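A short worksheet on the structure shown next.
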Amino acid sequence: MKLKEIIEFIDKKIPKSLALESDDVGFKKEYDIEQNINSIKIYMDFLPENDRNNDNTLIITHHPPLFIPKTPTYTIHSNWDIIYGGANDALADTLNIKVTDYFDSSTNIGRVCKTDYTFLELKSIILDNFSDVRIVNNLDDNKLINKIGIISGFGLNNPEYVKLAKDKNLDILISGDLTQKTAILAKNLKITLIDVKHHESEVPGLYALADLLKELDIEIEVVDNKAIEQLM
């Protein structure tokens, strides 16, 4: 299949126009769009040492690479976070919780979800799926959880998102990138934060993206580079 046909398919399914204004999506340079592509590799973060694939491979990254790859490389970032069925909905599916609304209605980043779990049941689901979890403001194990906010990736490094979770009267906000500042803010606001780490919270979205691309009927591989997460 030609590269241009794959990109046309992706842009139709996940429009670049959905991305946040400052986001770096799409190609970082011009590639030969007439070349044939036999396989797709999906990365969270693409590094120079990974840039060894032949011309018949397309790299898709979630995070924009910080270099100019030689291998054709296409980034799907905030548009994948925002779109229905993308990274945030994949995280909700992993946690087996029902999406009811957007978290940040100004950007459609994140989701608000409804549950009838106890805190103990929710923790068990989280610990079954995520290996490194931090909790700010533990709740009683028997407390019924009604409304949860989720943001795949970076949500817990943004104080405004913590405040928004409080304003929305959420029981819990789940995301990654917890900082000292947002942990103290959550203590002051008496809202529970659960940090499942940036990389791991976005991994379900990589596999959801692979499922969407199966329609292309070419070889697709998710490369889950967990070594990147160990640096964070």
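Observations on the structure shown:
- Vicinal HN-Hα couplings computed from phi for region 181-196 (Karplus, 6.51 cos²θ - 1.76 cosθ + 1.60; Hz; Gly/Pro x): 4, 6, 5, 5, 4, 5, 4, 5, 8, 6, 10, 8, 10, 10, 9, 9
- Each DSSP beta bridge with both residues in the chain is either parallel or antiparallel, and the antiparallel ones are about 45%.
- Counted charge near Ile68, where neighbours are those whose Cβ lies closer than 14 Å (Asp, Glu -1; Lys, Arg +1): 0
- Net charge, Asp93 excluded, C-beta distance under 15 Å - Lys, Arg +1, Asp, Glu -1: -3
- Which of Leu91, Leu127, Leu47 has the fewest Cβ neighbours within 10 Å, and the rest in rising order: Leu127, Leu47, Leu91
- Neighbour counting of Cβ atoms within 10 Å sorts the residues Glu30, Glu202, fewest neighbours leading, into Glu30, Glu202.
- From phi via Karplus (6.51, -1.76, 1.60), per-residue ³J(HN,Hα) for region 70-87 in Hz, x at Gly/Pro: 6, 6, x, 9, 10, 9, 10, 10, 5, 5, 7, 5, 7, 5, 4, x, x, 4
- Inter-label distance for Leu20 and Asp217, nm, one decimal - labels placed 7 Å from Cα along Cα-to-Cβ: 3.9
- Note on the chain: Cα Rg divided by 2.2 N^0.38 Å, N the number of residues, gives 1.06.
- Relative contact order [Cα under 8 Å, 6+ residues apart], region 87-196, whole percent: 26
- Residues of type aspartates and glutamates that Lys168 reaches as a straight line, Cα spacing below 15 Å, ignoring anything fewer than 8 places off in the same chain: Asp101, Asp104, Glu160
- The chain - mean residue ellipticity at 222 nm from DSSP helices (-39,500 (n - 2.57) per run, n ≥ 4, rounded to 500): -9500 deg cm²/dmol
- With a cut-off of 10 Å between beta carbons, the residues surrounding Phe119 carry a summed charge of -2, where Lys and Arg count +1 and Asp and Glu -1.
- Contact order normalised by residue count of the chain, Cα under 8 Å, 6+ apart, percent: 19
- Each of Arg52, Arg134 has some number of other Cβ atoms within 10 Å of its Cβ, and from fewest to most they run Arg52, Arg134.
Any read-out appearing in this document is the output of simple, stated calculations on the displayed coordinates, not a laboratory observation. Treat the numbers as computed from the prediction; the structure is a model and nothing was measured. Cβ atoms come from the backbone with ideal geometry, glycine included; neighbour counts cover every protein chain shown.
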